[in-house]
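Please read the structure below before turning to the comments.
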Amino acid sequence: MERREHDMTTMESIIEVPVGTATAAASGACATERFHADKSPYQAVRDTPKERVSLLAREVLSAVHDTIRRHRVTYDEYNALKAWLIDVGNDGEWPLFLDVWVEHVVEEVATDHRKGNKGTIEGPYYVPGSPECGARGAIPMRDGEQGTPLVWEGRITATDGTPLPGKVELWHADADGFYSQFAPNLPEWNLRGTFTTGADGAFEITTIRPAPYQIPTDGSCGKLIAAAGWHAWRPAHLHVKVSAPGYELLTAQLYFPGDPHNGDDIADAVKPELVLDPQDQPDGTQKVVYDFVLDPVGADVS
Ligand code: MBD
Ligand code: FE
């Protein structure tokens, strides 16, 4: 695959962005490289006791052993699994695989104490440091960006109703289902922006409606989907990270009513409270109101 270097002022390392055609291997390599550029995943668990590591590893392995016994898994099947797992790594698709089929349960456990918004999974395509757009403004987009224009008004408040000065980081796919920095030929920050509110917590974001998203079908995750007879779709969605000092970071996605995949998202990340209610405007655009409620840090005493 042909690649070009891209200047990323916010990252320590220079990360390559694909040029040419959109392939699973290209977007997978980007996602894997980006994840590895962040050195903190191991740091964050450096004090985990051996007993916990052992317990978790043994229980996961036992679940695999049980499946093998219950279904009398053969050597041919075992070898196919081995080949496939190797290929997932070679395609760079571990971030995709984990975020599609595992992350939703981690998110469920991590946020079940919250009284405000619980949110949903982050997925593999977040990039920190998107351009600052103010409290009211348009997300970076191309001239003539395709898709129904959407104006979204909202407010960030605390669980007790206090308005919070904070940030809404928004990122989403374009009308063809592609994310900037993970697909070729898109401006670096296309459809990625940071909206910073004043003391009233209010924001007004202008963007476009994204398309439903099909996870790459030409890589190893696609091979599993085809072999199992599943579909590869996620409903159209907007990704957000909402933050305010002293409050828990909210990672969420917002969905659109009537999407054919709201009920069978491959990533199991749709929740009814995350479905927007956009209103058609006479000029062909849509308006929507959606607010965020954040939990104070440290209130998690169950
Ligand atoms: C996405 O856009 C996404 O949000 C998830 C969770 C997985 C793959 C692609
Ligand atoms: Fe997504």
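Tabulated results
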{"read-out": "Number of the exception - PRO184 against (1) in a loop (DSSP other than H, G, I, E, B); (2) within 16 Å of ligand 2 (Cβ to nearest atom)", "value": "(2)"}
{"read-out": "Out of ALA44, ALA37, sole residue that is small (Gly, Ala, Ser), surrounded by 11 or more Cβ atoms within 10 Å (Cβ to Cβ) and modelled with pLDDT of 80 or more", "value": "ALA37"}
{"read-out": "Condition broken by GLN214, with the remaining ones in (1) touching a Ser or Thr at 6+ places or on another chain (Cβ under 9 Å); (2) surrounded by fewer than 19 Cβ atoms within 10 Å (Cβ to Cβ); (3) at pLDDT below 95; (4) within 30 Å of ALA83 (Cα to Cα) satisfied", "value": "(1)"}
{"read-out": "Within segment 107-176, strands (runs of 3 or more DSSP E) holding 1 or more residues that are within 16 Å of ligand 1 (Cβ to nearest atom) and not β-branched (Val, Ile, Thr)", "value": "167-172"}
{"read-out": "Near pairs, Cβ below 8 angstrom, 6+ apart or cross-chain, from segment 211-222 (more than 9 Å from GLY177 (Cα to Cα)) to any residue that is outside any helix (DSSP H, G or I) and among the hydroxyl-bearing types (Ser, Thr, Tyr)", "value": "PRO216/THR23; ASP218/THR23; GLY219/THR23"}
{"read-out": "Candidate set: segment 245-259, residues that are open to solvent by 10 Å² or more (accessible area, probe 1.4 Å) and under 20 Å from the mean Cα position of the chain (by Cα); chosen: the one farthest from ligand 1 (Cβ to nearest atom)", "value": "GLU248"}
{"read-out": "Residues (hydrophobic (A, V, I, L, M, F, W, C), within 12 Å of ligand 2 (Cβ to nearest atom) and farther than 19 Å from GLY129 by Cα) located in segment 213-250", "value": "ILE215, TRP233, ALA236"}
{"read-out": "Residue match in segment 195-207 (condition: open to solvent by less than 10 Å² (accessible area, probe 1.4 Å), away from ligand 1 (no atom under 14 Å from the Cβ), in contact with an Asp or Glu (Cβ under 6 Å, 6 or more places away or on another chain) and modelled with pLDDT of 95 or more)", "value": "no"}
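The values are calculated or read from the model by the stated rules, or taken from the named source; none is laboratory data. In this text the structure is predicted, and so the values were computed from the model without any measurement. Ideal geometry is used to build each Cβ from the backbone, glycine not excepted, and the neighbour counts take in all protein chains shown. To get the accessible areas, we keep the full protein, side chains included, count just its heavy atoms, and leave off ligands, DNA and RNA. Shrake-Rupley method; radii C 1.70, N 1.55, O 1.52, S 1.80 Å.
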